[in-house]
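Data block below; observations after.
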Amino acid sequence: MKKFFLSILAILLVVVGLVAGKAVFDNSRKDEVTGEKVLNFYNWGDYIDPDLLTKFTKETGYKVNYQTFDSNEAMYTKIKQGGTNYDLTVPSDYMVDKMAQEGLLAPLDKSKITGMNNIDSRFLNQTFDPHNKYSVPYFWGTLGILYNKKKVSADQIDTWAKLWSPQFKKQIMLVDSARDILGMTLISQGKSVNDQNVADLAAAKGKLDTLMPNVKAIVADELKIYMAQGEASIGVTYSGEAAQAMSQNSDLAYLVPKDGSNEWFDNLVIPKNAKHKEAAYALINFLNKPENAKQNAEYVGYATANKGAYALLPADEKSDPAFYPSAATLDRLQVYQTFNQEWTQRYNDAFLEFKISRPS
Amino acid sequence: MALSFKKQKQGFTSAYMGIYGLWLLAFVVLPLLLLLVESLQDQNHHFTLANYQAFFTSGSYLAMTFNSIWYAFLITVITLVFAYPTAYFLTTLKNKQFWLLLVILPTWINLLLKTYAFIGLLGQGGLVNSTLTAVGLHPMQLLFTDWSFLLVAAYVELPFMILPIFNALSDIDPLLTAASRDLGANSWQTLKKVIWPLSMPGVKAGIQAVFIPSLSLFMITRLIGGNRVITLGTAIEEHFLVTQNWAFGSTIGVILIVAMVITMLLTQDKQKGGRS
């Protein structure tokens, strides 16, 4: 019994020691973080060139405290719960709209922003943020088809409808996202990705069910790993994810089907409770500079919204239709509009039913 | 409280009980109540039973419930089949504690890491398929099948089945088996009439420890099952994160809790008036 109490005591001592150590460590860090010249940057993982952050600190004196999230919803939930003091974060289009509607964002003071003329006007004044009251475009991309050139040729999959071909039995991986997968089905039927018509959704669901024999798996981020390993020959995913898979496996290629697709934008925004807004503006202006945006685009692998940076890119990257699609394709890209809770639910329920239906 | 300080020992006991009671209240009872209240609301926070009605009239949610129970059942059976002989074998070894440590060791490793390791093993170019190719067989589709899902889930849950059975088997007085032999029972009869009944508490504890968490597995269903296996855990995750319909997510949560309570009741040890 005595031995038992001794070991409990020893464990308690270790815990107390660890807690004290953590407090000391946190304090020493806090000096960095709460000092005047600091920027708390809440971004997707690996979504900025770290060298740029070093350069930014050198140029402006602001130390960057970089924290990451892995989905719009996770970021939204954390900021909405409060208690955070992020100065800059990076929501996608529909999430900018949602956060603005709920008063989570600070309106941008345009007089403090420079370099907006470098941003391609195509990305400005979008429906999710009219007149860019809250957001500055960062990167953009598409939903498309990542495929293995050894097994599939581009003309076999240049429209969404071709995915339904029986020759692709058990060869397709889908990204686990209701909006994207129902969206591509709606496009294949000539409908809008923002369709809010019960009959259209039911028809899309019916068509999607017939895709199941071709579906190998419905996965999330790990889709790029599986594709790089050659687990499947076709993957429906986002351009940036595709770029990462392609950098690991040279047999892979990416295309945006002719009949159109979804186009998404990630944007820099300043949350309402930001404490270092000057620092946030400084980083926005820093990233708006073409040479910085170009370096960032080359590191991250997504398409830049900065036309000055685009002009600086090497010719083969600029002309890659997978990442900078032709004007004809661009015309057919659609941006998601924010759904209310009811429609989010309808899409998700339909997708859930699709996932449950298993071919025998 | 003031009264209880008259007798010091009694005072200590009630102080402990008080702290424990507060703990239970704050971290068990209140969250459960919140979950229940949340599940009884509609989007505008009005009282309603609609969530439950929707759940029990929806073919897909019923199918998912059935799936969850079915797969949890299979996982439990598989782990039991492997765990019982393993646990028995462990009790006969010399350095029991060391071998037991090896069994427990995998539980120290993060679940996601273990799952990713299986991706490497079961993939098209993975270890299993390259071995198959090397011995002249065709590579097989291993990932995204029921079998791979069951394999990984059972692997993850196995230690939680072995431990309680091992403990129950170790508690059996060796004299009892000796007596059984003495009285003319063969090995099979000893196992069936003496060891198995005496190890029942461990088996039941193991079933609880495996079946209940298996009902709400969700990461493995996506990573290894490729969402071809859908359980209620997947649906809860989706309702809390994607559709933000916390009320319905809570409803599924409450239904899962009820299912777990039923499991507990069914596997309860009645002879001794409840071991818990």
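No value in this document is a laboratory result; all are computed from the given coordinates. On a predicted model such as this, the values are computed, not experimentally measured, just so you know. Quick reminder, even Gly has a Cβ in these numbers, built from the backbone with ideal geometry, and neighbours come from all protein chains shown.
In chain A, helical runs assigned H by DSSP with n ≥ 4 each contribute -39500 (n - 2.57); averaged across all residues and rounded to the nearest 500, the mean residue ellipticity at 222 nm is -13000 deg cm²/dmol.
Specify the longest stretch of chain B that does not include any exposed loop site, a site being one of the trypsin sites (Lys or Arg not before Pro) with a non-H, G, I, E, B DSSP assignment and at most 16 other Cβ atoms within 10 Å.
B:95-269
Roughly how many Å is it from the Cα centre of region A:182-246 to that of region B:45-92, as a whole number? Comparing the Cα centres of region A:182-246 and region B:45-92, I get a distance of 29 Å.
Across region B:59-266, C-alpha contacts under 8 Å between residues 6 or more apart give a mean separation that, scaled by the residue count, equals a relative contact order of 28 percent. Within the shell defined by Cβ-Cβ distances under 13 Å, the residues around B:S148 carry a net charge of +1, with Lys and Arg each +1 and Asp and Glu each -1. Model label sites at A:Y299 and B:V258, defined 7 Å from Cα along the beta-carbon direction, differ in position by 5.3 nm. Note on A:K151: aspartates and glutamates with a C-alpha under 19 Å away, same-chain residues under 8 apart excluded, are A:E231, A:D251. Exceeding 21 Å between C-alpha atoms, which entries from my cross-link table qualify? They are A:K289/A:K318; A:K150/A:K224; A:K37/A:K58. Result: no pair exceeds 21 Å. I'd like the antiparallel share, as a percent to the nearest 5, of DSSP beta bridges with both residues in the protein assembly as shown. Taking every DSSP beta bridge within the protein assembly as shown, about 55 percent pair in antiparallel fashion. For region A:247-253, 3J(HN,Hα) computed residue by residue from phi via the Karplus equation (6.51, -1.76, 1.60; θ = phi - 60°) reads 6, 9, 9, 6, 7, 8, 9 Hz, glycine and proline entered as x.
Among the listed pairs A:K170/A:K207; A:K133/A:K277; A:K78/A:K294; B:K96/B:K193; A:K80/A:K216, which are separated by more than 27 Å between their Cα atoms?
Going by Cα-Cα distance, A:K78/A:K294; A:K80/A:K216 fall outside the 27 Å limit.
Note on A:Q156 and A:H131: the model spin-label points, each 7 Å out from Cα along the C-beta direction, lie 5.2 nm apart.
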